[in-house]
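Have a look at the structure below, then the notes.
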Amino acid sequence: MTSVDLTSHIERGLSDLRELVALESVSAQGRMLPETASAVARLLEAEGFSVRQFPGQVAPVLLAEAGSGPFTLLIYNHYDVQPEDPAELWESPPFVLTEREGRLYGRGASDDKGEIASRLAAIRAVKERSGGALPIRVRWLIEGEEEVGSPSLAGFITEHAAELGADGCWWEFGGISPEGQPILSLGLKGVMCIELRCRTSQSDLHSSLGAVMDNPLYRLARAVASLRDEQGNVTIPGFDNDVRPPTQADLDAIARIPGDGQAVRDTFGITRPLATGPEYHQRSNLKPVVNINGWGGGYQGEGSKTVLPGEGFVKLDFRMVPDQQPARILELLRAHLDAQNLQDIEIIELEAAQPAARTDAGHPFVQACIQAAREAHGQEPIVHPSSAASGPMAPFTQALGVPCVAAGIGNHAGRVHAPNENILREHFAGGVAFGVALIEQLGKDRLQ
Ligand SMILES: [Zn+2]
């Protein structure tokens, strides 16, 4: 790619980004969502996309299409952002794209407007280089509800499956390592957030009654202690039954991921790592887990209070892997609690669960993305078969049957969701080069 001059496209892309960052599209607060959807639609229409807007529960969904050729590429992004709070911690105004020492600061600069702008710049560059036509069909799905859990997305995909069919999907995020290696993720873990609740009396009681009355916090303690062992393995009977084994290509990719989490352990002073060495990335990519997020009930103030609590709760999240199904995990959890005489512990689902998704590292579309990343960034990509994080990828891999690859422009100090969100100018340029390399390659070759 070094022979190709993308300078003017990079500058134009950054000016698009400046325009998008200025729109305060905070989905959690319902700010400027239709305006931002229309601004994105205008940018795409200017590049020859036909764009349709559909109402979502929180914000409009955009579905755009352009070009034709041997490959149909589905691109997924979102135009909404997280709130800028705490605003006083920003070193420049959150909704003004501001450059300092090679970094561009602003809410959405990375997540996800920088991804949209760099991809659009790549499409512009490809068109210019090919005399105006895109060598593939691009279908672009851009929602405005990602930061509030994508409540409309799965239904929208089912409803519009025929218009979303594709040979591969370019996922909304991705990053570059501190050493400059592009990081590709081929999957996301599933997530299910629940609360366990136990009430044993209509009000708190004097703790002298503890000799004759059971205690809801003890019942919850027994319940959560029975969910996993000291090594972090989930101990609910049947929990692992549906886990899809990794392919050899997945295992090979994991073995090539550099490091073993030492930097994270150092940064945060971790005293109880569950895995180091090669096991670190194996577990991070492939291991399902249950976490306690918080615990409530009884007296939590200063000093002591001899109280027998009337009720208590514990909040948990499950991080699942393919092909574990959230509904099945709930059934197994219920049976596990019942078997321990904990029938009175109520299980409450806190929000819609997301199943996991993963594309085989050996898939030809994955190989095309790896090759494009290698060319664009001049370094060997790091491939994660699954990010340890979660997102709404399962509707794409399951309902549409499309292989998904996350590749993008984020950096490890990008402060996504926090004050001073930023990207590196050179990563934005690399993202444009990646898009050009990928689209031109998909337009040329039949994937093997
Ligand atoms: Zn985000």
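Bear in mind these aren't lab numbers, they're just calculated from the coordinates by the rules spelled out. Worth saying up front: this structure is predicted, and the values here are computed from it rather than measured. In this analysis, Cβ positions are derived from the backbone assuming ideal geometry, glycine residues included, and neighbour counts consider all displayed protein chains.
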statement: The cysteines in the chain that find no other cysteine Cβ closer than 4.7 Å to their own Cβ are C193, C198, C369
query: Just going by the charge dipole of the chain, with Lys and Arg at +1 and Asp and Glu at -1 on Cβ, which of L316, G67, L23 is farthest out on the positive end?
result: G67
- prompt: For the chain, what number of Lys pairs, 8 or more residues apart or on separate chains, have alpha-carbon atoms under 27 Å from each other?
  reply: 7
task: Using Cα centres only, tell me the gap between the range 165-203 and the range 67-89 in whole Å.
output: 16
field: Antiparallel DSSP beta bridges within the chain, as percent of all bridges there, nearest 5
entry: 70
query: By average Cβ neighbour count within 10 Å, what is the ranking of 175-183, 326-334, 101-109, 61-69 from highest down?
result: 101-109, 61-69, 175-183, 326-334
message: Suppose a student asked you for the relative contact order of the range 115-260, using Cα pairs under 8 Å spaced at least 6 residues apart; what percent would you report?
response: 9
- request: Calculate the spin-label point distance for R42 paired with S130, positioning each point 7 Å from the Cα along the beta-carbon direction, and give it in nanometres.
  value: 2.8
query: What's the angle, to the nearest 10 degrees (0 to 90), between helix 7-21's Cα axis and the longest principal axis of the chain?
result: 40
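Computed FRET efficiency, Cβ-Cβ of L350 and N241, R0 35 Å: what is it to the nearest 0.05?
0.90
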task: Stick to Cα atoms and the Kirkwood definition of Rh, then tell me Rg/Rh for the range 345-448.
output: 1.05
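Please compute the contact order of the chain in relative form: average sequence separation of alpha-carbon pairs under 8 Å and at least six residues apart, divided by the residue count, as a percent. Don't skip to the answer; put the middle values down first.
Details: 955 pairs, mean separation 117.9, N = 448.
It comes to 26 percent, rounded to a whole number.
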task: Note down the net charge around G310, summing +1 for each Lys or Arg and -1 for each Asp or Glu among other residues with Cβ under 10 Å from its Cβ.
output: -1
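For the ranges 352-364, 389-401, 81-93, 34-46, what's the packing order if you count other beta-carbon atoms within 10 Å of each residue, average per peptide, and put the highest first? Could the numbers behind the result be given before it?
Details: 352-364: 21.2, 389-401: 19.7, 81-93: 15.4, 34-46: 18.1.
Output ranking for 352-364, 389-401, 81-93, 34-46: 352-364, 389-401, 34-46, 81-93.
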- prompt: Normalised by the number of residues in the range 268-315, what is the relative contact order in percent for Cα pairs under 8 Å and 6+ residues apart?
  reply: 32
- prompt: In angstroms, what radius of gyration and Dmax does the range 52-146 have, counting Cα atoms only?
  reply: 16.2, 50
